[in-house]
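Working notes for the structure below.
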Amino acid sequence: MNDKTAQRSVGLVLLAAAGTFALTMGARQSMGLFLSSINSSTGLGLASISLAFAFGQLWWGLTQPFAGMVADRVGAGRVLVTGVVLVAIGTALVPFMTTTAGLIFAIGVLAAGGAGMAGPSVLMAATTRLVPAEKRGMATGIVNSGGSFGQFLFAPIAQGITAVAGWAVALQSLALLTLLALPLAWVLRGNSKRPANAAGAAALAPSETTRAAVRRALNDRSFQLLSLGFFVCGFHVAFIATHLPGVVASCQLPPAVGAWALAMIGLFNIIGSFSMGWAISFQGGRWRMKSLLSLVYAARAVAVLVFLLAPKTQTNVLIFAAVIGFTYLSTVPPTAGLVAKFFGPAHMGTLFGLVMLAHQVGGFLGAYLGGKAFQWNGNYDWMWYADIVLAVGAALINLPIREAAKPHIAAVPAT
């Protein structure tokens, strides 16, 4: 394969991965817009519905190590197809669910589980193996920005359809849109098994089992600290994605402001993801990834503090959404980059899936406690205080990470 053909192949894979993430993440991250409508329709109460959303955060994380493990062994295509179909089915079923258990099944098991199978652990593994090491930062930034573009696109679409035809039709329309990812999953078939170059092929030669790789990672202090920081990221992201429309409503602002705030987060996260990918790749990695992570978490703490103190006008909400969007998922490229740097690409799907599990345990707490906080106090103030404290903690936790690459032990094929 000549250089031009190889570049075209890499570009096609990046486009397919980013597009898949856009469609699945767009549908998933727009769910918060329907929380009030689900509550009005079912009468279950905000805390009960938040439990379904919170379980979805947890289940999304729990599926990713296993989805990554399967993709590591058989390739990404079949895993992604299954995930996309489950997202569509779960999203379409939400309007028919009238109990907490039903919502947990549709939102928490089907839609969230499918999004986990078609999520970052599988997509990042496929792209990390395909591209050379010096370009991985930008590649993961491109894929990550796809999820952000999906949020930017889906939120106003969902709000517009809701205004015209109702929330049930809007959810079913999102389900149909998600199915557009199926041809993209076909493009990614097998790519998680193909290395970028001869060095990559050597990295996939037999010598370490999945179980041994997981044990080695879990005993590594830097991996533990990285996962703790990503736990905090999940808390922030899930709380904001689930409850920002409710925050807007509690400030007596129009519902459209909530939709545009989510869209603004998605738009500026595209910029943040690209910027982070560029920063990781700049001059061969001039800036340390752990330092970039600490900076992102510190910026979140400042943004939330300023938002708490500022008047809650439409303009200020959208400015806050833009600032938080810039930091929203820009943690993913350096986190994925550190996992690949620590342990190599052979078990990337499995190990990054474990980090994503920590992220989603935090997501469970962010989504669920947001609903409980509003139930207890009639506002979200204590959640914002927790956001600030956790962000400062995450900024400090990442500093002791030892970023030097560790000896890579290649993978043993599954028996």
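Taking region 48-123 as the region of interest, the helices (runs of 4 or more DSSP H) fully inside it that hold 1 or more residues being surrounded by fewer than 23 Cβ atoms within 10 Å (Cβ to Cβ) and of a type in the set (S, T, N, Q) are 77-93, 100-103.
Residues in region 222-241 that are within 20 Å of residue 346 (Cα to Cα) and in contact (Cβ under 8 Å) with a residue 40 or more places away in the chain: 222, 223, 226, 227.
Restricting region 381-392 to residues that are within 23 Å of the chain's Cα centre (by Cα) and surrounded by 15 or more Cβ atoms within 10 Å (Cβ to Cβ), the residue that is farthest from residue 242 (Cα to Cα) is 392. No other residue among 244, 262, 267, 253 is more than 17 Å from residue 396 (Cα to Cα), in contact (Cβ under 8 Å) with a residue 24 or more places away in the chain and in a loop (DSSP other than H, G, I, E, B) apart from 253. For residue 216, the conditions (1) over 30 Å from residue 73 (Cβ atoms); (2) surrounded by fewer than 24 Cβ atoms within 10 Å (Cβ to Cβ) are fulfilled apart from (1). Just one of the listed residues (158, 199, 168) is assigned to a helix (DSSP H, G or I), out of contact with any Cys (no Cβ under 9 Å at 6 or more places or on another chain), modelled with pLDDT under 90 and surrounded by fewer than 19 Cβ atoms within 10 Å (Cβ to Cβ), namely 199.
One residue alone among 76, 47, 54, 71 is within 13 Å of residue 112 (Cα to Cα) and either of a type in the set (Gly, Ala, Ser) or at pLDDT below 85 (or both), and that residue is 54.
Check off (1) buried (at least 24 other Cβ atoms within 10 Å of the Cβ); (2) under 21 Å from residue 213 (Cα atoms) for residue 341 and give me the number that stays unchecked. The number of the failed condition is (1).
Against the test of being under 15 Å from residue 145 (Cα atoms), among the hydroxyl-bearing types (Ser, Thr, Tyr) and under 22 Å from the mean Cα position of the chain (by Cα), the options 291, 275 yield a single qualifying residue, 275. Screening the candidates 298, 310, 346, 358 for the property of being closer than 20 Å to residue 273 by Cα and not charged (D, E, K, R) yields one hit, 298.
Yes/no matrix, rows are residues, columns are (1) crowded, with 24+ Cβ neighbours inside 10 Å; (2) within 16 Å of residue 33 (Cβ to Cβ); (3) modelled with pLDDT under 85:
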residue: 220; (1), (2), (3): no, no, no
residue: 223; (1), (2), (3): no, no, no
residue: 226; (1), (2), (3): yes, no, no
residue: 233; (1), (2), (3): yes, no, no
residue: 242; (1), (2), (3): yes, yes, yes
residue: 255; (1), (2), (3): no, yes, yes
residue: 260; (1), (2), (3): no, yes, no
residue: 279; (1), (2), (3): no, no, yes
residue: 286; (1), (2), (3): no, no, yes
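In region 370-379, the residue that is nearest to the chain's Cα centre (by Cα) out of those that are surrounded by fewer than 21 Cβ atoms within 10 Å (Cβ to Cβ) and on the phi < 0 side of the Ramachandran plot is 372.
The values are calculated or read from the model by the stated rules, or taken from the named source; none is laboratory data. The model shown is predicted, which means the values in this text are computed figures rather than measured ones. Positions of Cβ are backbone-derived with ideal geometry, glycine not excepted, and every protein chain shown enters the neighbour counts.
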